[in-house]
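*Asks:* Structure below; questions to follow.
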Amino acid sequence: MIFFEFSGYSNGASFIRSEVSSGRSFSNEGQWLFGTLTCSADALPIDEMLPHQLHQSASRHFNHRVLYVSSIGSIEERRRHSQLLQKVQDQNLIDQVVNVNNVGNVYKLATRVMEEKTARAFVDLDLAADYNKAMLAFLLKCIDGGYDHCVWLDPDIFVHRGQVPWVDEAVQLSQQKPRLVYSLPRGSGGGFSSRYFVYHREALQHLLPLTSDAPESPLDTFEALLQDNMQRKFGNDEQEEFGGKTRGESWVIHPPDSKSDVHSMLHMCATEDRSMHTLISIVEQGSEDGEDAFSWRDTKNNEENMDLSGWEAHLAHRCDSRDFWKRLFRK
């Protein structure tokens, strides 16, 4: 698989003035980085999700957009995934594509942001190894590139823009509270989540180097490592003073965890493409028949996820899918 790096990307005006819900204006100037990770096992197509995420997340262009790629999967799966990546590149959605196998010596890179024993334990993590590499590479890119705000979204996260996009609001929060290490969008759970976040680089420096009790206490994931360090360094003040959360009209939502449930959602309309377009359309509009789409959440199991039955019903209504009603009456 061949990957290309893009250059010469222009972000237009150096900054935009945005009005926020409080009535104040703030400057969203500075350098903004966007990152995500994709692989052939993604439940949702990257060529559909990426333009949706970029448009809905911010009122301005990102100064740099990096796409990390994991090469897991069969030859046929990677071939199909490569076709989607080519569509992304043809649309000029990304400035740089990085295969996680080519990020370099992971231990050496980890020692730049972790104490030595923590770096050794991090390298030995066998859970989501490619994801951990991408998290490390993105953290270093944020620091080395001199970006002021570094935005990450997993490739399966749906975003509703609202009056003020969530990244704009996160930047505003960091201006109001300069000690914020990260911000999360509305719709996320408690504590740091590697699904969606904005690093605020100036305050982020105070969190490093990352430490742990390894090897006495084994590491779990990069997410757990960062969350543990927030608690170690900032204690009970972490959530209020050092970890922010947007509260405006913009929000995020994750699809059901089960791939079979996602597959079911994508067959509500006549074709999978139409189902995908309809799903994105409902999220971007933020409501359907007067109902707030933000409320269609799986309150029984995981409020960060879509409620399958609720979203299927709205998809079927929008698509007038006979297949949906046939399946419903068979139950």
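Throughout, read-outs are computed from the coordinates displayed, never taken from laboratory work. All values derive from a computational prediction rather than experimental measurement. Every residue, glycine among them, receives a Cβ derived from its backbone with ideal geometry; neighbour counts consider all protein chains shown.
*Asks:* Answer yes if at least one residue in segment 112-120 is free of Cβ contacts under 8 Å to residues at least 40 places away in the same chain and not basic (Lys, Arg), and no otherwise.
*Replies:* yes
*Asks:* Next question, about the same structure. Looking at Lys108 and the list (1) over 30 Å from Asp298 (Cα atoms); (2) more than 17 Å from the chain's Cα centre (by Cα); (3) surrounded by 19 or more Cβ atoms within 10 Å (Cβ to Cβ); (4) not acidic (Asp, Glu), which single condition is not satisfied?
*Replies:* The failed condition is (3).
*Asks:* Also, quick follow-up: So Ala128 clears everything in (1) at negative phi; (2) out of contact with any Gly (no Cβ under 6 Å at 6 or more places or on another chain) except one condition, right? Which one?
*Replies:* Going through the list (1) at negative phi; (2) out of contact with any Gly (no Cβ under 6 Å at 6 or more places or on another chain), Ala128 breaks only (1).
*Asks:* Then there is this: Sort out which residues of segment 268-280 are over 16 Å from Pro155 (Cα atoms) and buried (at least 17 other Cβ atoms within 10 Å of the Cβ), and write them in order of number. First the steps, then the outcome.
*Replies:* Our first condition is that a residue be over 16 Å from Pro155 (Cα atoms); within segment 268-280, this holds for 268-275, 278.
Passing the criteria: Met268, Cys269, Ser275, Thr278.
*Asks:* Take Met230 and tell me if it is surrounded by 19 or more Cβ atoms within 10 Å (Cβ to Cβ) and under 28 Å from Ala41 (Cα atoms).
*Replies:* Values: surrounded by 19 or more Cβ atoms within 10 Å (Cβ to Cβ): yes; under 28 Å from Ala41 (Cα atoms): no.
Answer is no for this residue.
*Asks:* Which of the residues spanning segment 249-266 are part of a loop (DSSP other than H, G, I, E, B) and over 12 Å from Glu303 (Cα atoms)?
*Replies:* Kept after step one, since they are part of a loop (DSSP other than H, G, I, E, B), are these residues of segment 249-266: 249-250, 255-258, 266.
The answer is Glu249, Ser250, Ser258, Leu266.
*Asks:* Is it true that Tyr107 is aromatic (Phe, Trp, Tyr) and free of Cβ contacts under 8 Å to residues at least 24 places away in the same chain? Let's see the steps before the verdict.
*Replies:* Numbers: aromatic (Phe, Trp, Tyr): yes; free of Cβ contacts under 8 Å to residues at least 24 places away in the same chain: yes.
So Tyr107 passes the test.
*Asks:* Testing Ala224 on (1) part of a loop (DSSP other than H, G, I, E, B); (2) free of Cβ contacts under 8 Å to residues at least 24 places away in the same chain, one condition comes back false. Which one is that?
*Replies:* The failed condition is (1).
*Asks:* Next question. Answer yes if at least one residue in segment 201-208 is loosely packed, with under 14 Cβ neighbours inside 10 Å and outside any loop (DSSP other than H, G, I, E, B), and no otherwise. Don't jump to the end; show me each part of the working.
*Replies:* Residues of segment 201-208 that are loosely packed, with under 14 Cβ neighbours inside 10 Å, as a first pass: 205-206.
Next, from what is left, pick out any that are outside any loop (DSSP other than H, G, I, E, B): 205-206.
Yes; the residues of segment 201-208 include at least one that is loosely packed, with under 14 Cβ neighbours inside 10 Å and outside any loop (DSSP other than H, G, I, E, B).
*Asks:* Now for a separate question. For the structure I just gave you, tell me whether Tyr147 is over 17 Å from Ala203 (Cβ atoms), among the hydroxyl-bearing types (Ser, Thr, Tyr) and surrounded by fewer than 24 Cβ atoms within 10 Å (Cβ to Cβ). It would help to see each step written out before you state the result.
*Replies:* Values: over 17 Å from Ala203 (Cβ atoms): no; among the hydroxyl-bearing types (Ser, Thr, Tyr): yes; surrounded by fewer than 24 Cβ atoms within 10 Å (Cβ to Cβ): yes.
Answer is no for this residue.
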